[in-house]
Amino acid sequence: MAEKVLMKGNEALAEAAICAGCHHFFGYPITPQTELAAYMAKKMPKIGGTYLQAESELASINMVLGAAAAGVRAMTSTSSPGLSLMTEGISYMAGCDLPALIVNVQRGGPGLGGIQPSQADYYQATKATGHGDFQLIVLAPSTVQEMVDMVFLAFELGEKYRMPAMLFSDGLLGQMMEPVVLPEPGDIKTVEKPWAVTGHGGKRKHNIVNSLYLEPNLLEDTVRARYERYAEAQRTEQRCEEFMVDDAEIVLVAYGASSRICRSAVTTARQQGIKAGLIRPITVWPFPNDAIQKAASHAKAFLSVEMSMGQMVDDVRLALNGARPTYFYGRTGGMIPSPAEVLEEIKKIQEGK
Amino acid sequence: MAVVFERPHALTDKVFSYCPGCPHGIVHRLVAETIDELGIEDRTIGISPVGCSVTAYDFFACDMVEAAHGRAPAVATGIKRARPDNIVFTYQGDGDLAAIGMAETVHAATRGENITVIFINNAIYGMTGGQMAPTTLPGQITQTTPYGRDVKAAGYPIRVCELLSTLDGVALAQRVTVDSVKHVREAKKAIKRAFENQVNGRGYSIIEVVSACPTNWGLTPSEALCWLRDNMLPYYPLGVYKDAYPEEGGAKK
């Protein structure tokens with residue numbers, strides 16, 4: 001077993017990406033993902049990889065597109081305002097069926113917003129990361145160790161389903177330090193990429209990486225085929241962690257940083273005799289509908305806790321389809337809810353207020 | 001019977017979709033001949049733009065990527081960094097390269113990305129039906145400058161080769177045209193040097209081809225060539241604007 005090291009979330013993620021065989025990083029400076037790019041800038045030249053500081057997020061995501069089209073594992077990292085600029089390129093990557101890793105270390109918005117942790121990009125990550133019909137794989141770590149583990153998972157799922165994958169972090173997770181175990185080198189699951197542009201080598205017809213279909217019926221067929229892969233991912237890739245859910249009457253739903261706070265609140269509620277539990281989505285796309293629906297068999301109410309004005313709560317409601325009342329509690333703009341605030345919300349629901 | 005003229009191997013048998021009198025076909029052929037002559041089709045990756053040549057991916061027989069509008073240099077950068085032994089070229093129009101993609105163009109050039117850029121400057125947006133381009137001439141009538149390009153309101157055209165020639169990362173910046181046999185031959189020589197530079201690892205090379213757009217200029221193909229000579233060439237003089245390796249015997253200005 002490898003030894004534990006103390007690392008900052010952003011740096012652990014960067015190191016894990018290199019371990020996962022990602023030797024091509026393209027990015028543009030933005031807070032609070034700074035340490036991630038800085039780590040790459042320091043490490044990549046030493047391993048013969050590419051760290052390239054692009055002229056903009058528009059350029060960096062299209063560099064990722066190029067490298068992904070060429071068949072290598074490539075990534076970028078940014079924070080909310082930068083992600084907005086990348087949505088064009090992400091749409092093209094989805095339209096070209098290209099796997100790659102996009103890290104969003106979320107901060108407060110809209111506009112320039114703030115630089116403190118936020119979860120206000122949930123709609124953007126799961127509903128509309130650009131124009132057109134498409135989805136991303138979106139993984140939401142809640143610990144530094146998960147940042148490491150999910151980098152591997154993101155590349156693997158992205159390549160399996162030929163989708164761009166997002167690691168949905170935030171300023172809190174990116175900046176905090178925790179002990180982590182880094183993976184042993186050489187444990188990389190890769191797939192063949194016969195579609196990649198590598199030069200045809202005189203051995204095959206030319207490969208074309210393209211998202212343009214001027215015939216509407218062909219475009220519809222292509223999108224439908226893509227949605228069959230999405231449906232398969234929804235059937236088989238839903239991931240979540242359940243904490244004290246088995247007999248819970250009030251089930252909290254929270255991901256990432258806010259799930260850590262909810263875990264404390266649930267623990268305290270239990271000590272006070274309130275049957276609370278927590279479902280922590282690990283994949284926010286595909287959303288863990290099955291776990292939510294299963295919990296509805298015994299839970300009386302659901303509470304979505306987010307660092308936003310309420311975005312994931314829509315997915316909780318969709319999963320429940322009216323079966324149980326669903327409440328929301330959130331702070332936004334970089335404010336982080338406290339366990340006491342969340343406990344207060346649990347009590348309000350318990351008391352039927 | 002001896003074959004004296006045939007399609008370059010680097011072009012597919014797909015019929016060009018371009019209008020009568022459009023120079024895209026000539027320039028495609030020059031690029032493909034160059035790829036054949038250098039024997040690099042098996043390792044070449046081309047990037048088509050958004051514009052009339054968007055479907056160039058169907059015409060070139062090498063591996064191809066279709067980029068978002070203006071982003072071809074960034075896509076090329078990603079490919080080249082991932083596969084430095086491959087030959088990577090972009091094929092872009094004036095709106096793509098000098099308007100929406102100017103940042104990507106300038107920065108790929110100043111990084112000295114070891115890529116080849118073929119730039120078609122016809123002073124108009126062709127695919128969307130004839131709007132003002134960054135290279136539309138002062139006074140030129142387009143769909144969006146119906147009274148002629150008023151430089152007070154719409155600014156001045158951009159001379160791309162002159163602008164890029166100030167950048168240290170540029171190996172070759174040359175402007176050519178294909179309005180005559182002589183000029184086609186010069187253009188071929190320039191395009192070949194731009195690819196050879198990449199083969200030799202010399203950095204960013206751009207060949208600007210001053211082109212006609214008879215359809216959107218509202219002229220016949222032959223009238224369009226006259227208009228090109230009378231109006232485009234005085235504003236966009238042909239020549240070598242930067243040649244970092246002149247000892248190689250490049251085209252003279």
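The values are calculated or read from the model by the stated rules, or taken from the named source; none is laboratory data. The structure presented is a predicted model; accordingly, all values stated were derived computationally and were not measured. Note: ideal-geometry Cβ built from the backbone for every residue, glycine included; neighbour counts use all protein chains shown.
Below are the figures for this structure:
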{"item": "Residue ranges of helices (runs of 4 or more DSSP H) in the range A:1-109 with at least 3 members at the interface with chain B (Cβ under 10 Å from one of its Cβ atoms)", "result": "A:57-69, A:80-95"}
{"item": "Among (1) closer than 25 Å to A:Q116 by Cα; (2) not assigned by TED's automatic domain parsing to the domain that holds A:F302 - the single one A:P281 does not satisfy", "result": "(2)"}
{"item": "Pick from the range A:219-247, criterion among the β-branched types (V, I, T) and closer than 30 Å to A:A295 by Cα, ranking: surrounded by the most Cβ atoms within 10 Å (Cβ to Cβ)", "result": "A:V245"}
{"item": "Candidates B:E104, B:E113 - the one that is part of a loop (DSSP other than H, G, I, E, B) and within 19 Å of B:A76 (Cβ to Cβ)", "result": "B:E113"}
{"item": "Residues (among the small types (G, A, S), over 20 Å from A:R162 (Cβ atoms) and touching a residue at least 60 places away in the same chain (Cβ under 8 Å)) located in the range A:91-142", "result": "A:G108, A:G113, A:G114, A:S118, A:A120, A:A140, A:S142"}
{"item": "Those helices (runs of 4 or more DSSP H) lying entirely in the range B:1-85 with at least 1 residues of a type in the set (F, W, Y)", "result": "B:56-59"}
{"item": "Single unsatisfied condition, B:H107 versus (1) surrounded by fewer than 24 Cβ atoms within 10 Å (Cβ to Cβ); (2) more than 8 Å from chain A (Cβ to nearest Cβ); (3) on the phi < 0 side of the Ramachandran plot", "result": "(2)"}
{"item": "Residue selected from the range B:202-236 under the condition crowded, with 16+ Cβ neighbours inside 10 Å and among the hydroxyl-bearing types (S, T, Y), by the criterion nearest to B:H28 (Cα to Cα)", "result": "B:S211"}
{"item": "Residues (under 23 Å from B:V199 (Cα atoms) and either crowded, with 24+ Cβ neighbours inside 10 Å or of a type in the set (A, V, I, L, M, F, W, C) (or both)) located in the range B:35-56", "result": "B:I35, B:L38, B:I40, B:T44, B:I45, B:G46, B:I47, B:S48, B:P49, B:A56"}
{"item": "Residue check, B:R7 touching a residue at least 40 places away in the same chain (Cβ under 8 Å), over 15 Å from A:V209 (Cβ atoms) and over 18 Å from the mean Cα position of the chain (by Cα)", "result": "no"}
{"item": "Unmet requirement for A:P179, which otherwise passes all of (1) over 21 Å from A:P99 (Cβ atoms); (2) within 14 Å of chain B (Cβ to nearest Cβ)", "result": "(2)"}
{"item": "Selected residue (only one of A:P185, A:P194, A:P216 is under 29 Å from the mean Cα position of the chain (by Cα), within 21 Å of A:Y92 (Cα to Cα) and surrounded by fewer than 15 Cβ atoms within 10 Å (Cβ to Cβ))", "result": "A:P194"}
{"item": "Cβ-Cβ under 7 Å pairs, at least 6 apart or on other chains, the range B:106-125 side of a type in the set (S, T, Y), far side at pLDDT 95 or above and in a strand (DSSP E or B)", "result": "B:T116/B:F89; B:T116/B:S205; B:Y125/B:Q131"}
{"item": "Single match in B:F89, B:F60 (criterion: closer than 29 Å to A:H23 by Cβ and within 8 Å of chain A (Cβ to nearest Cβ))", "result": "B:F60"}
{"item": "Given (1) in contact (Cβ under 8 Å) with a residue 40 or more places away in the chain; (2) more than 14 Å from every other protein chain (Cβ to nearest Cβ); (3) under 30 Å from B:R83 (Cβ atoms), index of the condition A:L153 fails", "result": "(1)"}
{"item": "Members of the range A:332-350 found to be surrounded by fewer than 18 Cβ atoms within 10 Å (Cβ to Cβ) and not in a loop (DSSP other than H, G, I, E, B), listed by number", "result": "A:P339, A:A340, A:E341, A:E344, A:K347, A:K348"}
{"item": "Set A:V209, A:V180: member being touching a strand residue (DSSP E or B) at 6+ places or on another chain (Cβ under 6 Å), under 30 Å from B:H9 (Cβ atoms) and surrounded by 12 or more Cβ atoms within 10 Å (Cβ to Cβ)", "result": "A:V209"}
{"item": "Tally of residues being surrounded by fewer than 24 Cβ atoms within 10 Å (Cβ to Cβ) and more than 7 Å from chain A (Cβ to nearest Cβ) across the range B:63-86", "result": "3"}
{"item": "Boolean, A:G352 is farther than 21 Å from A:L153 by Cβ and either of a type outside the set (A, V, I, L, M) or free of Cβ contacts under 8 Å to residues at least 60 places away in the same chain (or both)", "result": "yes"}
{"item": "Residues within the range A:122-135 that are in a loop (DSSP other than H, G, I, E, B) and buried (at least 24 other Cβ atoms within 10 Å of the Cβ), tallied", "result": "1"}
